Structure formats: C-alpha cells, structure tokens
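Contents: one structure, followed by commentary.
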Amino acid sequence: MIKTAIIGYGQSARIFHLPFINSLADFELVAISTSKPELAAAEWPNVTVYTDVDQMLAESGAELVVITAPNEVHYELGRKALSLGLHVVMENPTVTQLHQGNDLMRLADTNNLCLIPFHNRRWDSDFLTLRRLLADGTLGPIHGFESHFDRFRPRVRVETPGLGAGIWFDLGGHLVDQALVLFGKPQSVTGRCLSMRPGAKVTDYFHVQLHYHDKEVVLHSSPYHPGPSLRFKLQGELGCYIKRGFDPQEERLQNGIVPDSPYLAKEAEADYGIFYSDEDAQVIESEIGGYRYFYQATAKAVRGEAPPPVTMQDALDGLNIINIAEKSSAEGRTLPLTATSFRN
C-alpha cells in the first residue's frame with residue numbers, strides 16, 4: 001500500500017479525498033496535518049495528526065502527500081514535499097502563478113516523482129456522457145457548448161481576497177479543464193469575472209467565452225440561481241443535448257454514501273439528459289462516473305505502472321485561460337491565447 005498523508009482538513013479533504021484514500025486498498029492513510037487537530041483525531045483515531053507540516057513530512061513515512069490547504073500555500077507545500085522525494089496530489093487550482101507550476105514540474109521531473117492535479121470532475125457522470133456522445137458522433141460536428149455551474153448563494157460569507165481567490169479560480173478551473181479535454185485549446189478568450197453580490201471581495205460570477213475556429217464555448221456561474229439549473233448544452237449539426245442538474249457524487253459523499261457503493265455515481269433516471277433532433281427527443285442514459293477512478297489511476301502512476309491521470313501541463317493550460325479571462329474582464333476586450341509550454 002502507498003503510505004499517504006494529507007495536508008488540510010476542510011470540506012475538500014473530508015469529502016473528496018479521505019473517503020477514497022481510506023476505502024481503496026492501494027492506499028494507507030498514515031498522517032493528517034491540520035489546524036483542527038482535535039476534530040481530525042476524533043474522526044481518525046488510528047491516524048497520526050500533526051499541526052506542523054514540516055514535522056509531518058519528516059516523520060510520517062508518507063510516500064504520497066495530498067495538498068488541500070488554501071490555494072496561496074499550494075506552491076510552497078508542493079515544493080517542500082517534492083524536495084523530500086514525495087509524490088504529490090494537489091487540489092485544484094494547483095498553483096496561483098504559471099511560473100510556480102513550471103518550477104514544480106521541473107522539480108518533479110528531476111526527482112522522478114508524480115505531481116498530479118486533482119481534476120476529479122473529469123470523472124463526473126454527466127461529463128463522461130458528453131465524451132461518449134462526442135466519440136459516437138451522435139450530434140455530428142459540434143458548433144456550440146455551454147457549461148453552467150449556477151448556485152444560490154446571495155449572501156457573502158467569510159471571504160479572503162488575494163491571488164487565486166474567488167469562484168472563477170476554484171470552480172472555473174474545473175469547467176476550463178473539462179472544456180480543454182473536450183475541445184482542446186481555443187484561439188482566444190473573452191471574460192466577464194465579477195464581484196456581483198453586495199459586499200463581495202472576490203469573484204462570485206463569471207461568464208467566459210472560449211473562441212474556436214468552428215465553435216463557441218461558454219463557461220458560466222452565477223450566485224443567484226435557485227432551483228433546477230442547466231448544466232450542459234451541446235449543440236451539433238444533428239441536434240442538441242441538454243443536461244440539467246449536477247453530478248450526484250458530491251452530495252452523496254456529504255450524506256455519508258461510501259465510495260465503493262454502486263449508488264454513489266449512478267444518476268437517477270429523472271436526471272438523465274435529453275438529445276433533441278428534428279425527428280424526436282431521446283433520453284440519454286448517463287454514464288456511471290466515479291472519483292475513485294482518479295485515485296486508482298494515481299496509484300498506478302505512483303507505482304510506475306501508468307502515466308498520471310492528469311498532468312501539471314494540463315493544469316497550467318487551464319490556469320493560463322483563467323488568467324487571460326481575468327485580464328479580458330478587466331480590460332473589456334477579447335484576448336488571444338498565449339502559450340504555456342515552457343518546461344524546457
């Protein structure tokens with residue numbers, strides 16, 4: 001088993017990481033570093049809990065470190081772990097600046113280590129369904145795609161402004177990554193990234209367009225959307241696929257459904273998307289996703305049996321678009337995509 005430690009004990013660690021590390025036979029959870037040691041110790045009595053990251057990295061015997069701490073310290077923590085010869089899984093967004101990611105890639109390459117961004121939403125059921133429809137050619141050539149992640153959060157909670165803060169950087173990173181997997185890099189970007197709620201200190205709304213030579217892609221999130229929400233709209237020459245609602249895994253994990261349950265990632269039939277054409281409307285059964293597949297693939301990568309399920313270059317391609325969209329929003333104009341391949 002791969003001895004694994006986790007840094008941070010917030011919702012991300014407790015919902016998206018620890019259940020899978022604990023349930024998969026590939027991993028052994030040996031340490032948790034957190035500013036909430038009493039809570040972690042109560043919930044994980046057989047795991048050593050640290051309040052000092054450096055002590056944990058030096059003493060825990062971990063081979064793999066999962067970083068779920070605040071975005072602004074990802075780079076520092078990743079560099080420490082890689083310098084000590086440890087493999088790293090890094091929560092989205094991996095880093096806040098492109099040069100930081102480049103530095104970590106070089107360090108991982110030099111030490112022959114895995115540095116894997118946690119882009120778990122590649123294993124959402126609805127996203128896997130999109131990939132199947134594209135592979136099957138069900139919609140014909142694609143000319144339009146919309147990806148929405150709207151929520152109803154009209155009141156400002158605790159917010160800490162700064163580089164890497166806000167919903168566009170966090171949630172937007174997943175939507176950008178999904179678009180890149182589906183369609184590759186765009187030619188240019190137009191962004192509207194706003195602090196819309198009264199008193200908001202960080203971006204809480206975005207409407208970003210990715211411009212391709214043959215299609216338009218829209219990525220959108222609003223804090224003022226209660227009730228059923230559009231998730232995907234995929235438009236092609238043979239018809240349109242519309243999917244509403246969210247992948248069920250996050251909610252079910254929050255409700256205590258265990259990762260190896262066959263129910264975790266299977267969507268209810270009422271939530272299936274619909275393909276509309278000139279002839280009729282056809283309900284499309286959703287693929288069954290599974291965030292466990294990310295960790296299973298990570299285990300193979302750490303053992304040297306397969307490439308990483310997500311690369312740091314993937315994450316930097318996404319971060320580049322995030323940065324360009326923010327600049328586009330600030331300047332009020334469409335901007336061309338710049339290159340991010342600068343490892344060598």
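The values are calculated or read from the model by the stated rules, or taken from the named source; none is laboratory data. All figures in this text were calculated on a predicted structure; none of them were measured in a lab. Quick reminder, even Gly has a Cβ in these numbers, built from the backbone with ideal geometry, and neighbours come from all protein chains shown. The protein model used for the area step is the full one, side chains on, heavy atoms only, and it has no ligands, DNA or RNA in it. Shrake-Rupley method; radii C 1.70, N 1.55, O 1.52, S 1.80 Å.
Summary table below
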item	result
Three-way shape call for region 74-180 based on the alpha-carbon gyration tensor, with the a/c threshold at 1.5	oblate
CYS240 - accessible surface, heavy atoms, 1.4 Å probe, Å² rounded to 10	30 Å²
Listed residues GLN313, GLN178, GLN282, most fluctuating in the chain (Gaussian network, C-alpha, under 10 Å)	GLN282
Nearest-ten-degree value, helix 312-331 long axis tilted from longest Cα axis of the chain	60 degrees
Within a Gaussian network of the chain (alpha carbon springs, distance under 10 Å), most fluctuating of GLY164, GLY332, GLY318	GLY332
Sparse-neighbourhood loop sites, trypsin sites (Lys or Arg not before Pro) in region 267-340 - DSSP loop, at most 13 other Cβ within 10 angstrom	ARG303, ARG333
Relative contact order [Cα under 8 Å, 6+ residues apart], region 232-340, whole percent	16 percent
Global geometry of region 252-291, whether rounded, prolate or oblate, following the gyration tensor of its Cα atoms and the 1.5 cut on a/c	prolate
Reciprocal of mean inverse Cα separation for region 287-344 (Kirkwood radius, Å)	14.0 Å
Per-selection Rg to Rh, region 111-152 - Cα, Kirkwood hydrodynamic radius	1.14
In Å², nearest 10: area of MET105 left accessible to a 1.4 Å probe	0 Å²
Nitroxide proxy distance, nm - points 7 Å out along Cα→Cβ at LEU337 and THR110	3.0 nm
Sum of side-chain charges, ASP271 neighbourhood, beta-carbon under 15 Å (Lys, Arg +1; Asp, Glu -1)	-4
Point-to-point label distance, VAL158-ALA281, nm (Cα→Cβ direction, 7 Å offset)	4.5 nm
Within-15-Å neighbourhood charge of ARG79 [Cβ basis; K, R +1; D, E -1]	-3
Heavy-atom accessible area order for GLU267, GLU305, largest first, 1.4 Å probe	GLU305, GLU267
Loop chymotrypsin sites (Phe, Trp or Tyr not before Pro), region 261-334 (other Cβ atoms within 10 Å of the site Cβ: 13 or fewer; DSSP)	TYR263
Test item: Cα-centred dipole of region 159-258, Lys/Arg +1 and Asp/Glu -1 on Cβ, debye	180 debye
For the chain: accessible area per residue (Å², 1.4 Å)	45 Å²
Spatially near lysine pairs across region 139-273, Cα under 29 Å, sequence gap of 8 or more or different chains	8
Accessible-area order (highest first, 1.4 angstrom probe) of the listed residues HIS87, HIS213	HIS213, HIS87
Charge-dipole axis of region 253-340 as Lys and Arg at +1 and Asp and Glu at -1 on Cβ define it, positive-most pick from ALA339, VAL258, ALA268	ALA339
Helix 167-183 vs. the chain, principal-axis angle (Cα, 0 to 90°, nearest 10)	60 degrees
DSSP bridge orientation in the chain - percent antiparallel, rounded to nearest 5	55 percent
Region 137-206 shape via C-alpha gyration tensor axes, a/c threshold 1.5	prolate
The chain: relative contact order as a whole-number percent, Cα under 8 Å and 6+ apart	18 percent
Rel. contact order, % - alpha carbon contacts under 8 angstrom, at least six apart, region 68-135	32 percent
Estimated 222 nm signal from helices in the chain, with DSSP H stretches of n ≥ 4 weighted -39500 (n - 2.57), rounded to 500	-9500 deg cm²/dmol
Fraction of alpha-carbon pairs over 27 Å apart in region 162-293 - percent	32 percent
Largest-first ordering by accessible area, 1.4 Å probe, given options GLU76, GLU251, GLU287, GLU38	GLU38, GLU251, GLU76, GLU287
Size of charge dipole - region 55-134 - debye, nearest 20, with Cβ of Lys, Arg +1 and Asp, Glu -1, no other charges	300 debye
Nearby lysines by direct alpha-carbon distance to LYS80 (threshold 18 angstrom, same-chain neighbours under 8 apart not counted)	LYS3
GNM flexibility winner over the chain from GLY137, GLY273, GLY245 (Cα, springs under 10 Å)	GLY137
Pairs of Cα atoms farther than 31 Å apart, the chain, %	34 percent
Farthest toward positive dipole pole in region 80-189 [+1 Lys/Arg, -1 Asp/Glu at C-beta], among ALA108, LEU139, PRO154	PRO154
Cα-centre dipole for the chain with unit charges at Cβ (Lys and Arg positive, Asp and Glu negative), debye to 20	660 debye
